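Written out below as structure tokens is the structure these notes cover.
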Amino acid sequence: MQTSDYQRLDRAHHLHPFTDFKALGEEGSRIIERGEGVYIIDSEGNRILDGMAGLWCVNLGYGREELVEAATAQMRQLPYYNNFFKTTHPPAVKLAETLCRLAPPHINRVFFTGSGSEANDTVLRMVRRYWALKGQPEKQWVIGRENAYHGSTVAGLSLGGMAPMHEQGGPLVPKIAHVRQPWWFGEGRFGEGRSEGQDPETFGRECAAALEAKILELGEENVAAFIAEPVQGAGGAIIPPASYWPAVKAVLAKYDILLVADEVICGFGRLGEWFGSVHYGLEPDLMPIAKGLSSGYLPIGGVLVGDRVADTLIEEGGEFFHGFTYSGHPTCAAVAQRNLELMEAEGVVERVRDDLGPYLAQRWQALAKHPLVGEARSLGLIGALELIDPATGERFDKALAVGNLCRDLCFASGLVMRSVGDTMIISPPLVISHAEIDELVDKARAALDATLARLADTTTDQQEETSA
Ligand code: PXG
């Protein structure tokens with residue numbers, strides 16, 4: 001089949017996630033056929049550096065035979081069995097042990113799911129159940145953050161704070177509130193109506209104060225948990241100011257509210273530690289995980305459960321009426337286990353912390369001098385560029401969709417870099433080399449140049465139209 005055949009059939013039968021079906025049908029999708037290391041190859045033979053590791057998940061890169069072999073061996077042995085009705089199987093047992101060994105010391109239990117969204121559904125049920133068992137059933141409110149992404153199931157969508165999603169999925173799950181995100185560039189520096197012109201650390205403390213205000217508004221006796229990513233991924237690689245997490249931790253401790261650190265993106269080395277929570281010294285009660293757990297080779301997720309919640313669920317809970325057909329799926333678990341073994345054996349996490357993260361940071365910072373870039377930030381192997389209008393130093397008119405233009409030009413020049421509004425983001429495989437980081441940064445710079453040139457053309461065209 002040719003590219004056009006795939007596109008025709010895709011248009012006829014396939015509804016894509018997070019997609020304007022009609023617009024994509026008119027445009028035609030890009031067909032990705034193969035992957036090798038940090039590259040994907042499309043049906044036209046273009047070799048594209050995957051600066052997003054698939055969808056924040058292919059941490060060991062493409063084409064790892066060891067993972068293929070782990071899947072094949074397990075499928076021959078026992079492709080599927082469940083963990084219901086007092087049964088289990090070796091892959092689930094081993095993976096649970098490995099995860100709890102890698103997790104911080106107070107975390108010793110895991111509940112498996114098939115995805116990050118299911119993990120967050122599990123979280124919601126667990127925190128409410130926990131407080132009910134503790135004799136405080138009124139503690140039901142969960143506070144999340146604006147612009148956060150926690151999944152696409154109804155609970156994931158409700159815990160998340162993406163306004164366009166909320167407009168489509170309602171009514172949402174009751175008793176979930178949202179507070180502002182610690183996005184200094186977007187909301188501290190430029191204000192968007194709030195706290196304009198603050199320095200990052202004051203802004204970080206103000207975001208934590210907003211959480212405290214929300215707790216008091218809802219009544220501390222009614223608030224079960226706060227959910228947040230250590231670094232917000234899909235929201236735009238939002239690395240909070242240093243003041244943010246210590247202040248948030250203090251607020252949660254003051255009112256005895258559980259912390260859920262969504263590690264779906266930050267977990268498994270992205271920030272240079274096994275978990276993003278470790279980087280920030282958080283001690284979360286629950287950590288939803290997915291994506292990098294299997295390097296995306298097979299779908300698997302879970303919730304790492306701290307002793308405080310686990311002990312209560314175990315000692316006082318009786319049966320927990322919750323679970324999925326694919327909770328701890330043996331083939332997925334075997335691949336995840338092998339993935340974690342390879343990461344340990346190859347020192348992937350330490351390499352991100354000590355070598356690749358600092359190297360990317362240094363190369364990435366050079367892009368801050370580009371006229372289109374208002375801020376370049378990175379931590380470990382996650383990074384963002386904030387685009388600004390060089391003429392004014394302010395944000396572009398949203399209607400210009402400059403971020404999307406830059407993303408399309410990136411793709412055309414052989415790099416996957418995502419746009420979230422006018423924030424460009426990268427999250428490459430954790431096995432990327434220095435030379436490949438150089439290539440990524442060079443291609444990003446070329447795309448910024450091309451974006452600038454395209455904007456200049458548009459402005460000239462408009463001026464000519466006006467004068468004609
Ligand atoms: N939590 C976080 C922090 C995520 O990033 C999920 C939960 C849900 O995981 P599943 O496995 O159910 O997709 C995610 C997923 C994007 C994008 O556009 C990000 C995700 C998913 C789809 C698109 O950046 N993250």
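Using a/c under 1.5 as the rounded threshold, could you call the range 74-150 rounded, prolate or oblate? The axes a ≥ b ≥ c are square roots of the C-alpha gyration tensor eigenvalues, and prolate needs a/b larger than b/c, oblate otherwise. Note, shape of the range 74-150 comes out prolate. Along the range 291-301 the Karplus relation, 6.51 cos²θ - 1.76 cosθ + 1.60 evaluated at θ = phi - 60°, assigns HN-Hα couplings of 6, x, 3, 10, 6, x, 5, 9, x, 7, x Hz to successive residues, with x for each Gly and Pro. Considering only DSSP beta bridges whose two residues both sit in the chain, what percent are antiparallel, to the nearest 5? In the chain, approximately 70 percent of DSSP beta bridges are antiparallel ones.
Sorted by mean Cβ packing within 10 Å, highest first, what order do the peptides 377-387, 329-339 take? Show your work: numbers first, answer last.
Working: 377-387: 25.0, 329-339: 26.9.
Result, highest mean first: 329-339, 377-387.
Over the chain, Cα pairs under 8 Å with separation of 6+ residues give a relative contact order of 19 percent. For the range 382-388, the Karplus equation 6.51 cos²θ - 1.76 cosθ + 1.60, evaluated at θ = phi - 60°, returns couplings of 10, x, 9, 10, 9, 7, 9 Hz by residue, with Gly and Pro reported as x.
Taking Cα pairs under 8 Å and at least six residues apart, what relative contact order does the range 66-345 come out at, in percent?
Relative contact order of the range 66-345: 29 percent.
Highest mean packing first, where packing is the average number of other Cβ atoms within 10 Å per residue, the peptides 256-262, 452-458 line up as 256-262, 452-458. Remark on residue 388: its backbone amide H falls under 5 Å from those of 373, 374, a criterion applied only to residues 5 or more positions apart or on other chains, H modelled at 1.01 Å from N. Relative contact order, whole percent, for the range 175-314 stands at 17, derived from Cα pairs under 8 Å and 6 or more residues apart.
Count Lys and Arg as plus one, Asp and Glu as minus one, and take only other residues whose Cβ is under 14 Å from that of residue 22; the net charge is then -3. In a reduced charge model with +1 at each Lys and Arg Cβ and -1 at each Asp and Glu Cβ, the range 66-345 shows a dipole moment near 480 debye about its Cα centre.
In terms of other Cβ atoms within 10 Å, 283, 167, 187 run from fewest to most in the order 167, 283, 187.
Given +1 at the Cβ of Lys and Arg, -1 at the Cβ of Asp and Glu and no other charges, the dipole of the range 135-188 around its Cα centre is 140 debye to the nearest 20. Net charge within 9 Å of residue 427 by Cβ-Cβ distance, Lys/Arg positive one each and Asp/Glu negative one each, not counting residue 427 itself? My count for the surroundings of residue 427 gives +2. Annotation: the antiparallel percentage among DSSP beta bridges lying fully within the range 66-345 is about 50.
How much FRET efficiency would the formula 1/(1 + (r/R0)^6) give for residue 84 and residue 435, where r is the Cβ-Cβ distance and R0 is 45 Å, rounded to 0.05?
On the way: r = 48 Å, r/R0 = 1.08.
Efficiency, from the Cβ-Cβ distance: 0.40.
For 60, 102, the sequence from fewest to most other C-beta atoms within 10 Å is 102, 60. The HN-Hα couplings worked out from phi for the range 140-151 by the Karplus form 6.51 cos²θ - 1.76 cosθ + 1.60 (θ = phi - 60°) are 10, 5, 10, 9, x, 10, 4, 6, 7, 10, 10, x Hz, whole numbers, x standing for Gly and Pro. Computed over the Cα atoms of the range 200-316, the ratio of the radius of gyration to the Kirkwood radius (Rg/Rh) comes to 0.99. Its Cα centre serving as origin, the chain has a Cβ charge dipole (Lys and Arg +1, Asp and Glu -1) of approximately 1000 debye. Three principal axis extents of the range 66-345 based on alpha-carbon atoms, in descending order, are 60, 40, 38 Å. The alpha carbon convex hull volume per residue for the chain rounds to 162 Å³.
Can you put 396, 84, 203, 268 in order, fewest other beta carbons within 10 Å first?
Listing 396, 84, 203, 268 from fewest to most nearby Cβ atoms yields 84, 396, 203, 268.
In nanometres, what is the gap between the two model label sites at residue 255 and residue 134, each 7 Å from Cα along Cα-to-Cβ? With each label point 7 Å from Cα toward Cβ, the separation is 1.3 nm.
With n ≥ 4 as the cut-off for DSSP H runs, can you work out [θ] at 222 nm for the chain, using -39500 (n - 2.57) per run divided by the number of residues, rounded to the nearest 500?
Numbers: 17 runs with 199 residues, N = 468.
Here the helix-only value at 222 nm equals -13000 deg cm²/dmol.
Bear in mind these aren't lab numbers, they're just calculated from the coordinates by the rules spelled out. Quick caveat: nothing in here was measured; it's all calculated off a predicted structure. Here Cβ is always computed from backbone atoms with ideal geometry, including for glycine, and neighbour counts include all displayed protein chains.
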